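Notes follow the structure.
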Amino acid sequence: MGKLILMRHGESEWNKLNLFTGWVDVPLSPKGIQEAFDAGTLIKNIPVDVIFTSTLERAIETAVLAMTKHSSDKVPVILHTGEKKLETWATIHSEEALKKIIPMIKSWELNERMYGQLQGLNKAETIAKYGSEQVKIWRRSYDVAPPEGESLAMTAERALPYFHENIVPYLKKGKNVLVSAHGNSLRSIIMELDGLSKEQVVALEIPTGIPIIYSYSHGSFVKESP
């Protein structure tokens, strides 16, 4: 039986400023760094065989910082598959060293929802400009996208196939998987795992830096108690 640990990144510098972030690659805030450490403490005794993150700095930082608290003392090492010399020149030639790492796989499919023309705008100022009802539709509808951006449905169209094709195979082998990603890419996955409706998923709040854990067995996911 494998375990799936889903974790939204800690607070970012733009979360702190109440800005639409999307694919803008901003780092964690000091609070977010502490949230990552706290999350690591919560999962420190759960073996982790492989880590998946988005390609965005805040998700990668969260996973790396969380694993500094892990009881295994293994080091997360980013794999650069398909990145030419980054991949070939980073080959590890020691069996002993390989035993002490946790492979970390980056994927753009796990990136946050892309907010298009809203990226970088203050959420309060956006309401003043477009009206609270329009901004609510962009933020909280399932299939309406902001200008030149993605809807939650569009985010799910990339995140869910990646989840099934790349993450679930590890769980089927009984491996434990940590996924460090974003509010909307994780909403897409949780929507399916928990059988949520479109109305339920847009109301789902995923706090920063709090692990959500599922047990996987014979094709079924069961959420564990916090």
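The values are calculated or read from the model by the stated rules, or taken from the named source; none is laboratory data. If you're wondering where the values come from, they're calculated on a predicted model, not measured in any experiment. Here the Cβ positions follow ideal geometry from the backbone for every residue, glycine too, while neighbour counts run over all protein chains shown.
General observations
- The one condition in (1) in a loop (DSSP other than H, G, I, E, B); (2) surrounded by 13 or more Cβ atoms within 10 Å (Cβ to Cβ); (3) at pLDDT below 95; (4) of a type in the set (D, E, K, R) that Glu112 fails to fulfil: (3)
- Which numbered condition Lys99 fails, given (1) loosely packed, with under 13 Cβ neighbours inside 10 Å; (2) basic (Lys, Arg); (3) at pLDDT 95 or above: (3)
- Against the conditions (1) surrounded by 16 or more Cβ atoms within 10 Å (Cβ to Cβ); (2) touching a Ser or Thr at 6+ places or on another chain (Cβ under 8 Å), Glu224 satisfies every one except (1).
- Matching residues in the stretch 171-209 - criterion: being in contact with a Leu (Cβ under 7 Å, 6 or more places away or on another chain) and among the small types (Gly, Ala, Ser): Ala181, Ser185, Ser188
- Looking only at residues of the stretch 126-153 that are exposed (fewer than 12 other Cβ atoms within 10 Å of the Cβ) and small (Gly, Ala, Ser), we find that the one that is farthest from Val201 (Cα to Cα) is Ala128.
- Residue list for the stretch 78-96, filter: among the small types (Gly, Ala, Ser) and closer than 14 Å to Trp108 by Cα: Gly82
- Where helices (runs of 4 or more DSSP H) fall wholly inside the stretch 1-92, the ranges with 3 or more residues that are closer than 18 Å to Val179 by Cα and in contact (Cβ under 8 Å) with a residue 12 or more places away in the chain are 30-42, 57-67.
- Output for the stretch 115-147, where each listed residue is in contact with a helix residue (DSSP H, G or I) (Cβ under 9 Å, 6 or more places away or on another chain), outside any helix (DSSP H, G or I) and without any contact (Cβ under 8 Å) to a residue 12 or more places away in the chain: Val144
- Every residue from the stretch 178-214 that is basic (Lys, Arg) and either without any contact (Cβ under 8 Å) to a residue 40 or more places away in the chain or under 16 Å from Phe52 (Cβ atoms) (or both): Arg187
- Among the residues of the stretch 155-175, those identified as more than 19 Å from Thr81 (Cβ to Cβ) and either touching a residue at least 40 places away in the same chain (Cβ under 8 Å) or crowded, with 19+ Cβ neighbours inside 10 Å (or both) are Thr155, Ala156, Leu171, Lys172, Gly174.
- Verdict on Val26 being among the aliphatic types (A, V, I, L, M), buried (at least 16 other Cβ atoms within 10 Å of the Cβ), more than 23 Å from Tyr170 (Cα to Cα) and in contact with a Lys or Arg (Cβ under 7 Å, 6 or more places away or on another chain): yes
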